[in-house]
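Asker: Please read through the structure below; I'll follow up with questions.
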Amino acid sequence: MNAVPILELDGISIAFGGLKALSNVCFRVEKGEIFSVIGPNGAGKTTLFNIVSGVYRPQSGTVKLSGTPVTGEPPNRLAARGLSRSFQNLQIFARMSAAENVMVGRHLKESRNVAAHLLGLGGRDNRASRARAMDLLALIGLAGDADTPAGALPYGAAKRLEIARALATEPALLLLDEPAAGCNPVETGEIEEVIRRIAAMGITVVLVEHDMKLVMRISDRIHVLNYGETLAEGRPQDIRTHPKVVEAYLGRHGSREAAHA
Amino acid sequence: MPETLLEVDGLVSAYGRVKALKGVSVTVRAGEIVSLVGGNGAGKTTLLRAISGVQPVIGGSVRFLGEDVTRLVPHARVARGIAQVPEGRQIFAPLSIEDNLRLGAYRRRDGAIAADMDAVYELFPVLKARRATPAGGLSGGQQQMLAMGRALMSRPKLLLLDEPSMGLAPILVDQIFEIIASLKQRGVTVFLVEQNAAAALSIADRGYVIETGKIAHEGEAASLLADDRVRAAYLGI
Amino acid sequence: QETIKIGAVLSATGPASFLGDPEEKTLKLYVDRINAAGGVGGRKIQLVTYDDGGDANKAKTFAQRLVEEDKIVAMVGGSTTGTTMAMIPVFEDAEVPFISLAGAIEIVEPVRKFVFKTPHTDKMACEKIFDDLKKRSLAKIGLVSGTGGFGASMRKQCLAVAAKYGVEIVADETYGPKDTDVTPQLTKIKGTAGVQAVVNADFGQGPAIVTRNYRQLGITLPFYQSHGVASKQFIDLAGEAANGVRLPASALLVADKLPDSDPQKKTVVGYKTTFEEVAKQPVSTFGGHAYDGLMMVVDAVKRANSTEPKKLRDAIEATKGLMGTAGAITMTPTDHMGLDLTAFRMLEIKNGDWTLAN
Amino acid sequence: MPALLRRFLPVLILLALVVALPFLLKSAYQLRVATLVFTAGLTAIGLNILMGHAGQVSLGHAGFGGIGAYAVAILPTHYGIHPLAAFGLGVCAAGLLAYAVGRPILRLRGHYLAVATLGMGMLIAMVIQNQQGLTGGPDGMQVPRMELFGWRVRGAETWYWICGGFLILGAVLAVNLIDSPTGRALRAVHDSEVAARVLGIDVARAKLTAFTISAVYAATGGALLAFVNAFVTPDIAGFLHSVELVTMVVLGGLGSVVGAVVGATILVVLPQVLTVFHEYEHLAIGLIMIGVMIFMRAGVVPTLIGLVRGRSA
Amino acid sequence: MAELLQFIFSGLTVGAVYALVALGFTIIYNASDVVNFAQGEFVMLGGMATVFLAAAGLPLPLAAIAAVVVTVAVGLGLYLFAIKPARGASAVTLIIITIGASIALRGAAQIVFDKQFHRLPSFSGDDPIHILGATILPQSLWVIGGAGVILAALWWFFRVTLTGKAVLATAANRLAASLVGIDTRFVVGLSFALSAAIGAIAGILVAPITLTSYEVGTMLALKGFAAAMLGGMGNPIGAVAGGLLIGLLEAFGAGYLSSTYKDAFAFVVILLVLFVMPGGLFGARSVERV
Ligand SMILES: Nc1ncnc2c1ncn2[C@@H]1O[C@H](COP(=O)(O)OP(=O)(O)OP(=O)(O)O)[C@@H](O)[C@H]1O
Ligand SMILES: Nc1ncnc2c1ncn2[C@@H]1O[C@H](COP(=O)(O)OP(=O)(O)OP(=O)(O)O)[C@@H](O)[C@H]1O
Ligand SMILES: [Mg+2]
Ligand SMILES: [Mg+2]
């Protein structure tokens, strides 16, 4: 391959109590790719995201971002390195408006001079962040809800809000954990459109998703986990028919969906 | 014509000043599977919450087995046979998986509880393997299984399902729909909210389509599946 | 005719309610009695009381309120030294006489023009105890004191005057105002070489617990309490363990045991009977302080034949031989307390009752 | 600009109040009560930044107030430092202490944070109470009068204006902060720490910032109170006072600047009003607190705002 | 040796008092996530009501039972008239309500009873038991035993009974609890009644040692709260362990370090423990998935 991969995992393992959630997981994500991680419930996908984004620290293995080892760095430092994510279990700021949620994503781009903020000198940042937030809300189709308290948004909207918020950090690498959960096929189509646009901006996307139509349509490559171990990796057309994947994960329904894509 | 189990009439409900349900009427007959489809924020969850009694209503009525239950507290409705798998799973995170299931049968006093628990474990073997651990550690999909299992433990007459397939691996989606279909054989009536509209309607007898707090279409499931407007708006075909 | 407005800011609730409660009851009781008997020189007394809960900040606010809104002519109150010290500037500025019911000597030393106090100081209590120790040829003592206002202040005074009486404090322990067990401290004192007697400086429930722990540990050394426990309640709380405890206190506690010849007898028996009858609780010296303060004002009003605060102040300063529950009070421009050591009696608890020690 | 107006509305309300009150209040006593409201309100505004925005409780904030108060008592008395300098030093000391202890303490959450801060407050109070030589012990100590260019700062009205000025200043700073990137970071931490972290917020630092700022407010409030009273006792740093401060913030309305001052007003003025109930006073205070919280769950000010909005909509 | 043992006895006595109070916190906390600041007042009511009922002529055991009943009634009243009407309020709001209740109860007690200190007679006399040169009062054994029995009862309640699990479920997720058919109001009401009963029993057991007055609840609640948190909030075993540990720390602090700063010593240790174990000694590590 050509350049340094934007994300490189090597021998990642973690256990909770006696339960091995991930063992020896390795993969590389190239810059500009849409890379999907799929696998049965409890396979370790979210755990993998938690490790990559620094929420958990792996018991062994290394994480490299664009060639730099970052294993165990706290999430806020990783964010500064251009990594952002959304959450499977919603983590929106429920008491803030939708626009403010996205503005928080601008944190690293804003001044952090507390004294200046106390003195009311944060106005410039506020205006810039607000403008950017409105753009992003428009991107995900929530422009009309800018001043709605985020806690009052329906589930699907809140999931999209998380994407906008993550985008506000201007990431190079974006991890999306089940962005289409709770969306009907039409809405999933809209999410797909949003992801494509994100990719078009040059942002590398790592996607966890159970909607096979979406995954098969959009992914450049797919990595399959099962019981914390790698089951397969490859292009959608290979994964779709991979016997082990079909057996452990896709089943009839998944195969049908995947075939439809 | 089987008897009417659930009759929702002109239900109105609001969050603050925002009306989420603007006069919704729905009927579910005993032994049926009825699906409710609709977009984000259409009011599906609100309707199920109102039926269970955890959402205040400001107009309309809910009748269950002929009895007006509109003013009944939630636990009294559970006692009458209404169970719900809520949106977002809502498991008892610090409690063990086994305790979660046991609490599903909170209102029951019969001797078949242990047997039912085994049945749930059979449906979802992962749960059995981890039954003594706190439910909060489960993955999203595993929690969804637990929520389903917990609702089954109450042996409901009417099971309200709010997006039961959300976050489940495809292979389990098959399974969940099979389970729902099989509930019918066991005499459980199901009112199903699903984003996976095609799958939901394909196992349902009848269906409703809700749009911004109002029922927009209703009819036989097959005819809804064939309806062009529904196909375009919700099935993405 | 105009009433005589007397103010009182007391710690009727809170950690010092042990003091404030009987004080408030006493004031109310006697104001009612005086009014029922026709008032002072035909004028009724109007009592305005506020509860500061033991908080100096609140006390000061109430003091200001008494002076400015209620327009009182004299103040009897200030249950603790802390609240008193906070209120002093208010009365000094407003030039209204202020008779404090708190113990510390700082209140009247240096003398402030409008500030007086009724109780004996804790320094006097120390002196009285050390005097008794000296008589019994006991020189080395263990001191155990509460860290609340009363205990801390008395500890300071005792440490200061010990040398004068040839007393050496070989163990110095403290406990918190709400502690429920003091056996570790007492165990340490017990284990200290050469201790010949133990002195406990505190008020409230603490001394009762200390006394019970003292007996639990089987310590047999002479044991002294302070005037802070001078209430029958102490004996009730400490139970059997109280027997043998010595303490300096006013004659009030042994009212009925005083010889008829005692000049104080009439006053203390009168107060004791009245208080116990109406308040339905055993008399304490703290209520007595309030009685003394009120009587000082009444006496001053009579002599000054005026309710003008400044004239009242001058009259209070001229108080001479007024018989109070604490002793005969004689104020001078340099002494705004007016009591001497003879006002203290050394008592010993025997068979669950006070007796005069000799 | 209406947005700016909306933002500074709380400040304008408070300003109007501070300016208007002297026309209504007749005696020095009444001015004093207002002054006490201002000092408590200032502390409550600061605590509100920590509790209402960052979502972290502190049951030890009176301790910081105690540091401010005793600084202006001890430093001039024992070390001859000018009261104004002592004021500054005390506030800095409280801020530094908060900064130093905040890091480990703020790792704790919820009720555990509550006990940890409670412990910290108790330790401060204990030192004040027991260092008798320095602090006068439980009986308290005098605070020397401040002298500025030969002018003795005294009198109810003078302190009214000084404390009122500080209150307005405190409100302005708080309002600025809330609407700034820092304020948003604090509120984000309140709602979801993990989300805040992946967005680049250093959660520990954010909490520490709020803690330190609120400690500075508390120390300022404490020092002003000490000046006003010219006397301090250890109660000012005590646990009960800490609870009182938390109650002010919640009663008035978490997250609201005006609410903090309203909460302070309730708890300062109520005992003055309720003296008419004599021994029923405490019963009445307790019942009023319960009543307010039942009928105004979000606190007085947010509930009233909600009512007004509801009516106009 | 005798000295060390004496410190241990002192620590156990005081610690058992704290443990009893801490146990009272666990139930309401487990049912509603609310730290009930009026818990200390339950303890006070138990002791004071017994004193006054006994003074009114009731035989002591009867007075004690009546006092528990009175306190339970007060606990239920607190729930019905203060907590239940605030349905849907946040935990902070509810906590402030309990603070208000604690002020009101103290205010009422000072009127109904009085402001004096009182003592209940020790259950089995005041003759100290001598062990290896150290002494302990029989009443201390009552307190320690009481803490043990209540601990066992609570453990059984939460671990074995379905109602106990319903209590935990209600705290964990009230919505879900309603949806499985738990009468959440009944559960929370029950928890107030049980907490009140435990508080009252604690108040009666400790009154012969700590003495009692209308104000005694404040300090006991404070220490009990610290003990409960040290042990891990909501866990009865933690409550007892935390209580005993604080008692022992205070006793050793007073005995070996400085009696003035013994409380400081205890708090420093609490802080250190929490830094290492942020969920207390026995607290379950919270599992929150994202
Ligand atoms: N904090 C934790 N404590 C205990 N177990 C955990 C924890 N985090 C993850 N696990 C366990 O690790 C395994 C992997 O979980 P993870 O959430 O990564 O699965 P997933 O692949 O995202 O599943 P899903 O598709 O259902 O979201 C699961 O069995 C889960 O129970
Ligand atoms: N807690 C809340 N506060 C205010 N508004 C709310 C709240 N919950 C829901 N709403 C509003 O009520 C409406 C209906 O929401 P509901 O959750 O019932 O939709 P839904 O059909 O279940 O959507 P989804 O498919 O996203 O779950 C939406 O407009 C939503 O914004
Ligand atoms: Mg997952
Ligand atoms: Mg929904």
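Asker: Hey, any idea what the orientation-averaged projected area of the convex hull of segment B:11-113's Cα atoms comes to, in nm²?
Answerer: Spelled out: convex hull of the Cα atoms, projected over all directions, averaged, 8.3 nm².
Asker: List the lysines whose alpha-carbon lies under 26 Å from that of A:LYS45, not counting same-chain residues fewer than 8 positions away?
Answerer: Here the lysines satisfying the reach criterion relative to A:LYS45 are A:LYS20, A:LYS31, A:LYS64, A:LYS159, A:LYS213, A:LYS244, B:LYS128.
Asker: For chain D, with a Gaussian network of springs between Cα atoms less than 10 Å apart, report the residue from D:HIS241, D:HIS282, D:HIS82 with the top mean-square fluctuation.
Answerer: Sorting by GNM fluctuation, first place goes to D:HIS282.
Asker: What aspartates and glutamates could a cross-link reach from C:LYS58, if we take a straight Cα to Cα line under 12 Å and drop same-chain neighbours fewer than 8 places away?
Answerer: C:LYS58 reaches D:ASP235.
Asker: Now a separate question. Count, for each residue of A:73-79, the Cβ atoms from other chains sitting within 10 Å of its Cβ, then give me the mean as a whole number.
Answerer: Across A:73-79, the average partner-chain Cβ count within 10 Å equals 6.
Asker: With a ≥ b ≥ c the root eigenvalues of the C-alpha gyration tensor of segment D:233-313, is it rounded (a/c under 1.5), prolate (a/b larger than b/c) or oblate?
Answerer: The shape class here is oblate.
Asker: Helix C:206-216 versus the longest principal axis of chain C: what is the Cα-based angle in degrees, 0 to 90, to the nearest 10?
Answerer: Between the helix axis and the principal axis of chain C, the angle is about 20 degrees.
Asker: Out of E:LEU205, E:LEU154, E:LEU132, any idea which swings most in a Gaussian network model of chain E, alpha carbons joined below 10 Å?
Answerer: E:LEU132
Asker: What is the gain in length, in nm to one decimal, between C:ARG112 and C:LYS28 on full extension, counting 0.36 nm per residue of separation less the C-alpha to C-alpha distance?
Answerer: Working it through step by step, the gained length comes to 27.5 nm.
Asker: To continue, here is another question. Rolling a 1.4 Å sphere over the protein heavy atoms, what is the accessible area per residue of segment E:220-279, to the nearest Å²?
Answerer: Here the per-residue accessible area is 27 Å².
Asker: Angle, helix B:140-152 long axis vs. longest principal axis of chain B, Cα atoms, 0 to 90°, nearest 10?
Answerer: Relative to chain B, helix B:140-152 is tipped by roughly 90 degrees.
Asker: Let me ask something else about it. Assigning unit charges at the beta carbon (Lys, Arg +1; Asp, Glu -1) and nothing else, what dipole magnitude in debye, to the nearest 20, does the protein assembly as shown show about its Cα centre?
Answerer: It works out to roughly 1040 debye.
Asker: Between segment B:168-219 and segment C:19-80, how many Å separate their Cα centres?
Answerer: Between the Cα centre of segment B:168-219 and that of segment C:19-80, the gap is 78 Å.
Asker: On to the next question. Would you kindly find the accessible area of D:LEU123, with a 1.4 Å probe and non-protein molecules such as ligands, DNA and RNA excluded, rounding to the nearest 10 Å²?
Answerer: Estimated to the nearest 10 Å², D:LEU123 gives 40 Å².
Asker: Quick one: if you stick a label point 7 Å off each Cα along the C-beta vector at E:LEU175 and B:SER182, how many nm between them?
Answerer: 2.9 nm
Asker: Please determine, in degrees from 0 to 90 and to the nearest 10, the orientation of helix B:170-185 with respect to the longest principal axis defined by the Cα atoms of chain B, where the helix direction is its Cα long axis.
Answerer: 80 degrees
Asker: What distance in nm separates the simple spin-label points at B:ARG63 and D:TRP151, each placed 7 Å from Cα in the Cβ direction?
Answerer: Placing both labels 7 Å beyond Cα along the Cβ direction yields 8.2 nm.
Asker: Given a 10 angstrom Cα cut-off, can you work out which residue in B:LEU123, B:LEU160, B:LEU201 is the most mobile in a GNM of chain B?
Answerer: Of B:LEU123, B:LEU160, B:LEU201, the most mobile in the Gaussian network model is B:LEU123.
Asker: Per residue Cα convex hull volume for chain C, in cubic angstrom?
Answerer: Here the figure is 119 Å³ per residue.
Asker: Still on this model: Please identify the cysteines of the protein assembly as shown that lack any partner cysteine with a Cβ under 4.7 Å from their own Cβ.
Answerer: Unpaired cysteines in the protein assembly as shown: A:CYS26, A:CYS183, D:CYS92, D:CYS163.
Asker: Still on this structure, I have one more. Quick one: putting +1 on the C-beta of Lys and Arg, -1 on the C-beta of Asp and Glu, what dipole do you get for segment A:12-95 around its Cα centre, in Debye to the nearest 20?
Answerer: With Lys and Arg at +1 and Asp and Glu at -1, about 140 debye.
Asker: Kindly flag which residue pairs out of B:LYS157/B:LYS214; E:LYS165/E:LYS262; C:LYS25/E:LYS262; C:LYS117/C:LYS272; C:LYS134/E:LYS262 have an alpha-carbon separation exceeding 30 Å in this structure.
Answerer: Those over the limit are E:LYS165/E:LYS262; C:LYS25/E:LYS262; C:LYS134/E:LYS262.
Asker: Per-residue Cβ counts within 10 Å, from other chains only, averaged over D:128-140: what number is that?
Answerer: The shielding value for this peptide is 6.
Asker: Considering the Cα trace of segment D:11-150, what is its radius of gyration and what is Dmax, both in angstroms?
Answerer: 17.4, 50
Asker: Expressed as cubic angstrom per residue, what is the convex hull volume of the alpha carbon set of segment E:160-261?
Answerer: It is 127 Å³ per residue.
Asker: What are the semi-axes of the equivalent ellipsoid for chain E, taken as the square roots of 5 times the Cα gyration tensor eigenvalues, largest first, in whole Å?
Answerer: After diagonalising the Cα gyration tensor, the semi-axes are 30, 25, 17 Å.
Asker: A follow-up question, please. P(r) for chain D: what percent of alpha-carbon pairs falls in each 20 Å bin, starting at zero?
Answerer: It works out to 33, 59, 8, 0, in whole percents.
Asker: First measure r as the distance between the Cβ atoms of A:ARG81 and A:GLU229, then evaluate 1/(1 + (r/R0)^6) with R0 = 25 Å and state the FRET efficiency to the nearest 0.05.
Answerer: Efficiency at R0 = 25 Å is approximately 0.35.
Asker: Moving on. How do C:GLU127, C:GLU68 rank by accessible surface area computed with a 1.4 Å probe, from largest to smallest?
Answerer: C:GLU68, C:GLU127
Asker: Same structure, new question: Given the convex hull over the Cα atoms of the protein assembly as shown, what projected area results after averaging over all orientations, in nm²?
Answerer: Mean projected area for the protein assembly as shown: 56.8 nm², to one decimal.
Asker: Measure off 7 Å from each Cα along the Cα-to-Cβ vector at E:VAL276 and D:THR275, then give the distance between these two points in nanometres to one decimal.
Answerer: About 5.3 nm separates the two model spin labels.
Asker: Return the calculated 222 nm mean residue ellipticity for the protein assembly as shown, to the nearest 500 deg cm²/dmol, obtained by summing -39500 (n - 2.57) across DSSP H runs with n ≥ 4 and dividing by the residue count.
Answerer: Result for the protein assembly as shown: -17000 deg cm²/dmol, rounded to the nearest 500.
Asker: Over all residues in E:250-256, what is the mean tally of Cβ atoms on other chains that come within 10 Å of each residue's Cβ?
Answerer: Per residue, the average neighbour count from other chains is 5.
Asker: Among E:PHE252, D:PHE211, what's the order by accessible area (1.4 angstrom probe), most exposed first?
Answerer: Highest to lowest solvent-accessible surface, that is E:PHE252, D:PHE211.
Asker: Seen from all sides and averaged, what is the projected area of the convex hull of the Cα atoms in segment A:72-159, in nm²?
Answerer: 6.7 nm²
Asker: Computed FRET efficiency, Cβ-Cβ of C:THR330 and C:THR192, R0 51 Å: what is it to the nearest 0.05?
Answerer: 0.75
The values are calculated or read from the model by the stated rules, or taken from the named source; none is laboratory data. Keep in mind that what you see is a predicted model, and the values were worked out from it rather than measured. Because the Cβ atoms are built from the backbone with ideal geometry, glycine has one as well, and the counts that use them run over all protein chains shown. Side chains are part of the model used for accessible areas, which takes the heavy atoms of the whole protein and leaves out ligands, DNA and RNA. Shrake-Rupley method; radii C 1.70, N 1.55, O 1.52, S 1.80 Å.
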